[in-house]
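The values are calculated or read from the model by the stated rules, or taken from the named source; none is laboratory data. All of these numbers come straight from a predicted model, not from anything done at the bench. All Cβ positions, even for glycine, are placed from backbone atoms using ideal geometry, and neighbour counts span all protein chains on display.
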Amino acid sequence: MTMNFDLIVVGTGSAATTAAMKCRDAGWEVAVIDSRPYGGTCPLRGCDPKKVLVGAAEMIDDAERMRGKGLDPGASINWSELMAFKRTFTEPIPEGTTKKLHEAGIHMFHGRASFVDEETIQVKDDQLTGKHILIASGAKPVELPIEGLEHLTYSDEFLELDELPSKVIFVGGGYISFEFAHIAARAGAEVHIIQRGERPLKNFEPELVDLLVKSSEENGIQVHLNTEVKSIEKAGSSLTIEGVKNDDSFKLEGDLVVHGAGRAPEIDDLNLEKGNVDWEKKGISVNEHLQSTSNPRIYAAGDAAATKGLPLTPIASMESQVVASNLLNENKQTPDYTVMPSVVFTLPKLSAVGLSEEAARDQGYNIRVNKIDTSEWYTYKRTNEKYAMVKIIIDEDKDQVLGAHLLSREADELINHFATAIQFKLKTEDLKQMIYAYPTASSDLGSML
């Protein structure tokens, strides 16, 4: 069957639904396509279910830190019960998304999308022709040059485990590996992280990453740096990885090997050549309006687009709003990447927003760097946190925050205050005058500046 639409959207996640709904509200005929359950990565198999597991791990970590300080750390994680609780959040999402799209009058198609020509997409037996097409298909794990890839477990599969194996190996030193490693360790598993380079979490400040690695190791997570996995072999229920560590052979056995080595745009099977859609390693090539550089009918947003944006849910949502505005108002809006706060939900948490020290110096700013070990501050000492640090990058000439980098249990909430300061170009002199409720983590902000 052949059908015509004003807008066809590939995907139903954060980068897709905002544009779809706004254009439908404007009276457009809109279709969405997804090969997986409707709702997208974040609420179904990403940040939201992960945060449920992190919440349980935090409670265990709190009790352990306060051992001998008034708390008896007798609690433990019941993995199957935790998974059942997690599913109370994820299972309603596809039906809820479907209902929302149906009530809006948006046409829904399940299946893989592929271009037939510059304006037509094939989904199973249907051909959809669109005046405009938004590619918001998200990301997938990068393919690794490893023999025995079929033995890898992926992040979405980890989030569906009914039982947690005794020994878990994470391949890659990115945020997925570190977050899941901290969850698994607090749940009682023996945990290893295999990082090919000399430093994991490369998008974060080295000093804070070093502290996080130290804390991770003290909590039983074994971090193997400069180690490259070459193969995975299965013998019965056991898996063996072999590789090279500092030019020496390396071998490690485990019950589960998890892919945590990064993600790439999920655009490989869209037949982009037939749609005259140019792409690159980071995704669909787009101009400042998120419009394809080769086919003006096409727009892209989120992890599928090659933009300056980080692969974060709020960025995907913002880009989807920009696409909607440009579709309805003829390319008048551009995305704003001034602030992109990012958090690694480990224990302690690691967060960042704005420029790193290196980037600020490279861009010629006259900077002051406030690097402070805050572990002795009351906020962290009262809960016996061993590691807490802040690193604030300040433009001396304008008295404004350029970047903020935090490691602590409160880092996820505090980073938003710095994001606000950067977005609205607030002077540190003014920030220091702000009165916060006390004693709270936010009341420490003035002392960080």
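So Arg186 ticks every box in (1) surrounded by fewer than 20 Cβ atoms within 10 Å (Cβ to Cβ); (2) more than 15 Å from the chain's Cα centre (by Cα) but one. Which box is left unticked?
(1)
Based on this model, can you work out whether Pro73 counts as surrounded by 14 or more Cβ atoms within 10 Å (Cβ to Cβ), assigned to a loop (DSSP other than H, G, I, E, B) and not basic (Lys, Arg)? Explain how you work it out, then say what you get.
Working: surrounded by 14 or more Cβ atoms within 10 Å (Cβ to Cβ): yes; assigned to a loop (DSSP other than H, G, I, E, B): yes; not basic (Lys, Arg): yes.
So Pro73 fits the description; yes.
Quick check: anything in the range 39-62 farther than 22 Å from Thr313 by Cα, outside any helix (DSSP H, G or I) and either in contact with a Phe, Trp or Tyr (Cβ under 6 Å, 6 or more places away or on another chain) or aliphatic (A, V, I, L, M) (or both)?
Checked the range 39-62: no residue is farther than 22 Å from Thr313 by Cα, outside any helix (DSSP H, G or I) and either in contact with a Phe, Trp or Tyr (Cβ under 6 Å, 6 or more places away or on another chain) or aliphatic (A, V, I, L, M) (or both).
Scan the range 298-310 residue by residue and report those that are within 17 Å of Gly11 (Cα to Cα) and surrounded by fewer than 22 Cβ atoms within 10 Å (Cβ to Cβ). Break it down into steps so the answer makes sense when it comes.
So in the range 298-310, the residues within 17 Å of Gly11 (Cα to Cα) come out as 298-306.
If the condition is that a residue be within 17 Å of Gly11 (Cα to Cα) and surrounded by fewer than 22 Cβ atoms within 10 Å (Cβ to Cβ), then Ala306 is the only one that fits.
Determine, yes or no, whether Glu288 is among the acidic types (Asp, Glu), out of contact with any His (no Cβ under 8 Å at 6 or more places or on another chain) and farther than 23 Å from Pro141 by Cα.
Working: among the acidic types (Asp, Glu): yes; out of contact with any His (no Cβ under 8 Å at 6 or more places or on another chain): yes; farther than 23 Å from Pro141 by Cα: yes.
For Glu288, the condition - among the acidic types (Asp, Glu), out of contact with any His (no Cβ under 8 Å at 6 or more places or on another chain) and farther than 23 Å from Pro141 by Cα - is met.
Just one of (1) out of contact with any strand residue (DSSP E or B) (no Cβ under 6 Å at 6 or more places or on another chain); (2) assigned to a loop (DSSP other than H, G, I, E, B); (3) within 26 Å of Tyr365 (Cα to Cα) trips up Lys425, so point out which.
If we test Lys425 against (1) out of contact with any strand residue (DSSP E or B) (no Cβ under 6 Å at 6 or more places or on another chain); (2) assigned to a loop (DSSP other than H, G, I, E, B); (3) within 26 Å of Tyr365 (Cα to Cα), just (1) comes out false.
Could we say that Glu150 is in a strand (DSSP E or B), in contact with a Lys or Arg (Cβ under 9 Å, 6 or more places away or on another chain) and among the acidic types (Asp, Glu) here?
The answer is no for Glu150.
Tell me, which strands (runs of 3 or more DSSP E) wholly within the range 193-287 include 2 or more residues that are closer than 30 Å to Glu319 by Cβ? Spell out the reasoning first.
Working: elements: 221-224, 227-235, 238-245, 248-254, 256-259, 263-265, 283-285.
Because the criterion is at least 2 residues that are closer than 30 Å to Glu319 by Cβ, the strands (runs of 3 or more DSSP E) in the range 193-287 that meet it are 256-259, 263-265, 283-285.
Being touching a His at 6+ places or on another chain (Cβ under 7 Å), at pLDDT 95 or above and either exposed (fewer than 15 other Cβ atoms within 10 Å of the Cβ) or outside any helix (DSSP H, G or I) (or both) is true for just one of Ile121, Ile133, Ile169. Which residue is that?
On the way: Ile121 fails: touching a His at 6+ places or on another chain (Cβ under 7 Å); Ile133 fails: touching a His at 6+ places or on another chain (Cβ under 7 Å).
That would be Ile169, the only listed residue that is touching a His at 6+ places or on another chain (Cβ under 7 Å), at pLDDT 95 or above and either exposed (fewer than 15 other Cβ atoms within 10 Å of the Cβ) or outside any helix (DSSP H, G or I) (or both).
For the range 428-445, what are the residues that are surrounded by fewer than 10 Cβ atoms within 10 Å (Cβ to Cβ) and either of a type in the set (Ser, Thr, Tyr) or touching a Pro at 6+ places or on another chain (Cβ under 6 Å) (or both)?
The one that is surrounded by fewer than 10 Cβ atoms within 10 Å (Cβ to Cβ) and either of a type in the set (Ser, Thr, Tyr) or touching a Pro at 6+ places or on another chain (Cβ under 6 Å) (or both): Tyr438.
Only one of (1) in contact (Cβ under 8 Å) with a residue 60 or more places away in the chain; (2) in contact with a Leu (Cβ under 8 Å, 6 or more places away or on another chain); (3) not assigned by TED's automatic domain parsing to the domain that holds Ile194 is not met by Thr307, so which one is it?
Failed condition: (1).
Answer yes if at least one residue in the range 221-232 is without any contact (Cβ under 8 Å) to a residue 24 or more places away in the chain and either in contact with a helix residue (DSSP H, G or I) (Cβ under 7 Å, 6 or more places away or on another chain) or within 26 Å of Lys386 (Cβ to Cβ) (or both), and no otherwise.
In the first step, residues of the range 221-232 are kept if they are without any contact (Cβ under 8 Å) to a residue 24 or more places away in the chain; the result is none.
No; the residues of the range 221-232 include none that is without any contact (Cβ under 8 Å) to a residue 24 or more places away in the chain and either in contact with a helix residue (DSSP H, G or I) (Cβ under 7 Å, 6 or more places away or on another chain) or within 26 Å of Lys386 (Cβ to Cβ) (or both).
Using the structure shown, decide if Leu407 is crowded, with 23+ Cβ neighbours inside 10 Å, under 20 Å from Gly446 (Cα atoms) and in contact (Cβ under 8 Å) with a residue 12 or more places away in the chain. Steps first, answer last, please.
Working: crowded, with 23+ Cβ neighbours inside 10 Å: yes; under 20 Å from Gly446 (Cα atoms): yes; in contact (Cβ under 8 Å) with a residue 12 or more places away in the chain: yes.
Yes: the conditions hold for Leu407.
Can you give me the number of residues within the range 279-296 that are of a type in the set (D, E, K, R) and surrounded by 18 or more Cβ atoms within 10 Å (Cβ to Cβ)?
Total satisfying the criteria: 0.
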